[in-house]
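The values are calculated or read from the model by the stated rules, or taken from the named source; none is laboratory data. Given the structure is predicted, the values throughout are model-derived calculations rather than measurements. Cβ coordinates were reconstructed from backbone atoms using ideal geometry, including for glycine residues, and neighbour counts include every protein chain displayed. These area figures cover heavy atoms from the full protein model, side chains too; ligands, DNA and RNA do not enter into them. Shrake-Rupley method; radii C 1.70, N 1.55, O 1.52, S 1.80 Å.
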Amino acid sequence: TMCAVGALDELAGAALVGLVEANAPAATLGALKVLGNVFDKLASGDFAKFGTLKASAQALQAKLLSLTGGARALIALGFEADDAAGTYMWPDHDASAAASRAAAVRVVLRDLETLHAAIAAVGDSNSPAVATAAVKLMGTYLSNLLAQPTEERRRIGGSNKALHARILSAHGGAALLAASGFVLSPATDTSGQPNTYICAAPIVSVSLAFSLLARAGDVWAAMADEQAAAGRGGSTGGGGRPALAPEVPSAAVTEFHLEALPDASTLGQAPPPAADMQPALARADGGKRITLHAYQCASNRWSLVGSICLLRPAGAPLPVFVWARRAPQSTIQGPSPPPPAIIIEVDLGDQRLVELAVQVEPGGGVENVYAAAQRFIGEHFEHLNSAQHLEEIATKVRLACAPIIETIAGLREAVAAQAG
């Protein structure tokens, strides 16, 4: 199979690499299937029937010629364009030559499908940071080999720390390494070091693999889109996609009188709000405390965010807002106590409710929304398998937290005014 790909001349190899570089991975694989079918038919020797391709043919146009570099690939593989007639002709009535092209294209297609599946698996089974690091290092190995195609560059020591830390430690990393052309050799060197990974693939195959790795983000984005489409219209118990973006944004509570707030026990008696994380103020402990609640659409319930005690001794400082929850200790580095947190319940599908904890900073604001989103993706990478989720989750955090912070600021002002 290596010989089949290695038999591609420089022009044909460059054209196929260009096809991979310029188009979405799924479209590229579709184009290679069309090319394989074209040459399989030519290999039958029926040149009168299969030797001329109409550029207007629907399948040929949609799956190959409409792609950037599609026509170039067809010509580089041996067809001649007749612009006046709107056709592509196979001038060499040699079935064996066509069979050789068919074999090469089929091997390229098989190898890229294998690598595509490995990239998808790494993205599906790891956090975005881990998946990205694995693919980036794999791309570096191939880039170095392309820059200096020496025996040294074709070998990666089995004890290589970066290899283990970024690729082999990732779920699906070993398959990614193999699909990129590096195969485990059972031999050990004279120092007794473990197995070496060797790439014996022709340079054109290395170039093709490098070009597909560079589009790993597109593989993951397409995978996320497919999962989103599959989850539309389904119930949360039917394997739907994670419910991340709020359908109705919440709003801060700005117009209120402390003495007129409802009792906290009555919140569940009123019709629920349509907005996820909609804040509401209430009185508790016979009016001694003002409590802040947020409506969790994922669980259809009110959750306590925090409270302010209205009673204080004469001369005592103004009461502060006491947060009801703190961030998990596992999210904090060092022995410091975890900071307060705003908790957002998220439906990950399959009736799986989890908590997204957004840390509150000493000044009263919240942490960077992208940091909170990235941490949440890392905690639930088995459900959130694409960096595409980062913006969606960050937006959810921003829309959920801003009204709560604004409501707390208004509550503090109202309590200060009453005390004054």
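Just a few scattered comments:
- Whole-Å distance, taken between Cα centres, linking the range 396-420 and the range 264-302: 15 Å
- In the chain, the longest principal axis of the Cα atoms and the axis of helix 216-231 are about 60 degrees apart.
- Kirkwood hydrodynamic radius (C-alpha pairs) into Stokes-Einstein, the chain, 20 °C and 1.002 mPa s, D in µm²/s: 83 µm²/s
- Taking the C-alpha atoms only, the angle from helix 95-125 to the longest principal axis of the chain is near 20 degrees.
- Computed [θ] at 222 nm, helices only, for the chain once each DSSP H run of length n ≥ 4 contributes -39500 (n - 2.57): -13500 deg cm²/dmol
- Accessible surface for the range 90-155, divided over its residues, is 45 Å² per residue with a 1.4 Å probe.
- Rounded to the nearest 0.05, the FRET efficiency derived from the C-beta distance between Gln418 and Arg326 at R0 = 25 Å is 0.35.
- Spatial separation of Cα centroids for the range 134-154 and the range 40-114, in angstrom: 31 Å
- Segment Asn368-Arg352, extension gain: residue separation times 0.36 nm, minus the distance between their alpha carbons: 3.2 nm
- Gain upon complete extension [Glu259, Leu146; 0.36 nm per residue less C-alpha separation]: 33.3 nm
- Highest-fluctuation residue, Ala129, Ala48, Ala175 considered, GNM on the chain with Cα pairs under 10 Å: Ala48
- For the chain, the carbon plus sulfur part of the accessible surface works out to 55%, probe radius 1.4 Å.
- The count of lysine pairs in the chain whose Cα atoms are under 16 Å apart, excluding pairs fewer than 8 places apart on the same chain, comes to 6.
- Between Ala200 and Asp9, the simple spin-label model (points 7 angstrom out along Cα→Cβ) gives 2.8 nm.
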